[in-house]
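**Q** The structure is given below, and queries will be raised subsequently.
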Amino acid sequence: MKKAVFYHAGCPVCVTAEDMVSQAIDPAKYSLEVVHFAEKPDQIAAAELKGVKSVPALVLGDEVFHINFGASMADVKAS
């Protein structure tokens, strides 16, 4: 099974995107992990290494998909 990781910072844009992604991802094809940076700040560096530049973002395998624009990673690290 492929892994999908949804990264966000808890802003309204991010929460709405999390709800939509959670409903849209086929659980038969992807194992979805949701990473809320306020709850898991230790995951920020790992997300950046994967290519996440802003949140909300969805990583499917090695591909990063930036969804709308909630906050830059600089903003995430500053909070």
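Values in this text are rule-based calculations from the coordinates and carry no lab data. Remember, it's a predicted structure, so these values are computed and weren't measured experimentally. Quick reminder, even Gly has a Cβ in these numbers, built from the backbone with ideal geometry, and neighbours come from all protein chains shown.
**Q** Just name one of Ala46, Phe6, Gln23: the one whose Cα is farthest towards the positive end of the charge dipole of the chain (beta-carbon charges, Lys/Arg +1, Asp/Glu -1).
**A** Result: Ala46.
**Q** Could you state the principal axis extents of the C-alpha atoms in the chain, from the largest down, to the nearest angstrom?
**A** Here the Cα extents, ordered largest to smallest, are 37, 25, 20 Å.
**Q** Note the full-extension length gain between His66 and Lys53 as 0.36 nm times their separation in residues minus their Cα-Cα distance, in nm to one decimal.
**A** 3.9 nm
**Q** Here's something else I'd like to know. Could you work out the helix-only [θ] at 222 nm for the chain, with each DSSP H run of four or more residues adding -39,500 (n - 2.57) and the total divided by the number of residues, to the nearest 500 deg cm²/dmol?
**A** Result for the chain: -9000 deg cm²/dmol, rounded to the nearest 500.
**Q** So, one more: Evaluate the relative contact order of the chain (contact order divided by residue number), counting alpha-carbon pairs under 8 angstrom at least 6 apart; express in whole percent.
**A** Value for the chain: 37 percent.
**Q** Right, next: Not counting the cut sites, what is the longest span of the chain without trypsin sites (Lys or Arg not before Pro) that DSSP labels loop and that have at most 16 other Cβ atoms within 10 Å?
**A** Looking at the chain, 1-28 is the longest stretch - no exposed trypsin sites (Lys or Arg not before Pro) with at most 16 other Cβ atoms within 10 Å.
**Q** List the chymotrypsin sites (Phe, Trp or Tyr not before Pro) within region 1-37 that fall in a DSSP loop (any state other than H, G, I, E or B) and whose Cβ has at most 15 other Cβ atoms within 10 Å.
**A** Hits after loop and neighbour filter: nothing returned.
**Q** Which of the residue pairs Lys29/Lys53; Lys50/Lys77; Lys40/Lys77; Lys3/Lys77 have a Cα-Cα distance greater than 20 Å in the structure shown?
**A** Lys29/Lys53; Lys3/Lys77
**Q** Using a Förster radius of 35 Å, what is the FRET efficiency between Asp26 and Asp75 based on their Cβ-Cβ separation? Nearest 0.05, please.
**A** So the FRET efficiency works out to roughly 0.65.
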